[in-house]
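The values are calculated or read from the model by the stated rules, or taken from the named source; none is laboratory data. Keep in mind that this is a model prediction, so the values were computed, not measured. Note that we place each Cβ from the backbone using ideal geometry, even for glycine, and neighbour counts take in every protein chain shown.
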Amino acid sequence: MNDKKNSSASTIESGALFVKYKVPAISLIVVLLLIPIGIGGYLHLKGEKEEAFGEKIYNFTKANMSALKDNELKGAEFVTNFKALMEETEYFRGNLPLLITATDQLVKLNNFAAAKDLLELADQKFAGKNEYTNFLIDVRLSSIYEDLGELDKAIAILEGLLSSGEKILEGKNQLDLGRFYLKQGNKEKAKEKFLLVLNNFDEENYKKLARLYMSKL
């Protein structure tokens, strides 16, 4: 009986810690990474073409984002409209902040399939431009793949991000990989990632979660 209580307490604590570390991390990503991208995309538009693109993005945002938030516009329809915007603006980089914002809104609405469509589009059109863009897209896409049960893809995208030398929130990414491997049943790889977090990173919440997951191996 005590074992069951301890297990339940551990599960609750693990869940609370997961929310505690994941939500602020995502917020930090938005604040730190969207600001320079937004500045580059919106505040320093150069030339008539870019100004016209910026106006199209602004008008699209007014017409579609509120409707999406209020659930008056279906996710699939929003994605269709956004893809049309991307074509109209020749896949202009200034679309990225809106794409990320829309993706996060779709996740709030539990529309993971539509969020996946947008992020995969971003991965095709914007990835490789710079390390911040790659991180911004990949960390979200891996989370969506996890939510959809596509763990092979989630692992591949995070392993690829880390192998590129990306250091932004590296401890979180290693912890996530450990979770993904554990869900797959690959306890050896999961243990490797959790030990890496415990031995190489200072963030106490990451370490506490790693210990909790290690206790399940």
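For the stretch 84-121, give me the residue count where each residue is assigned to a helix (DSSP H, G or I), among the polar types (S, T, N, Q) and more than 13 Å from F53 (Cβ to Cβ). Please lay out each step first, then the result.
Let us first name the residues in the stretch 84-121 that are assigned to a helix (DSSP H, G or I), namely 84-88, 93-108, 112-121.
With the extra rule that they be among the polar types (S, T, N, Q), the set shrinks to 95, 101, 103, 105.
Next, from what is left, pick out any that are more than 13 Å from F53 (Cβ to Cβ): 101, 103, 105.
Here the count works out to 3.
State whether one or more residues within the stretch 160-174 are under 23 Å from K108 (Cα atoms) and not in a helix (DSSP H, G or I).
Taking the stretch 160-174 first, the residues under 23 Å from K108 (Cα atoms) are 169, 172-173.
Among the residues that remain, those that are also not in a helix (DSSP H, G or I) are: 169.
Yes, the stretch 160-174 contains at least one residue that is under 23 Å from K108 (Cα atoms) and not in a helix (DSSP H, G or I).
Pairs, please: C-beta under 6 Å, at least 6 apart or cross-chain, first residue over 11 Å from F135 (Cα atoms) and in the stretch 160-172, second small (G, A, S)?
Close Cβ pairs (under 6 Å, with a partner that is small (G, A, S)) amount to K172/A25.
Within the bounds of the stretch 175-194, is there any residue that is touching a residue at least 12 places away in the same chain (Cβ under 8 Å), of a type in the set (D, E) and touching a Ser or Thr at 6+ places or on another chain (Cβ under 9 Å)?
Yes, the stretch 175-194 has at least one match.
Out of everything in the stretch 41-70 that is small (G, A, S) and modelled with pLDDT under 80, what residue ends up being nearest to N111 (Cα to Cα)?
First, pick out the residues of the stretch 41-70 that are small (G, A, S): 41, 47, 52, 54, 63, 66-67.
Those still in the list that are modelled with pLDDT under 80 too: 41, 47.
Values: G41: 27, G47: 37 Å.
Among them, the one singled out is G41.
With respect to N205, is the statement that it is free of Cβ contacts under 8 Å to residues at least 12 places away in the same chain and either part of a helix (DSSP H, G or I) or more than 16 Å from L119 (Cβ to Cβ) (or both) true? Steps first, answer last, please.
Numbers: free of Cβ contacts under 8 Å to residues at least 12 places away in the same chain: no; either part of a helix (DSSP H, G or I) or more than 16 Å from L119 (Cβ to Cβ) (or both): yes.
In short, no.
How about the stretch 74-121: which of its residues are modelled with pLDDT under 95, of a type in the set (A, V, I, L, M, F, W, C) and either farther than 18 Å from R140 by Cα or in contact with a Cys (Cβ under 7 Å, 6 or more places away or on another chain) (or both)?
F92
Hey, Y132 hits all of (1) closer than 23 Å to D202 by Cα; (2) aromatic (F, W, Y); (3) not in a helix (DSSP H, G or I) but one; which does it fall short on?
(3)
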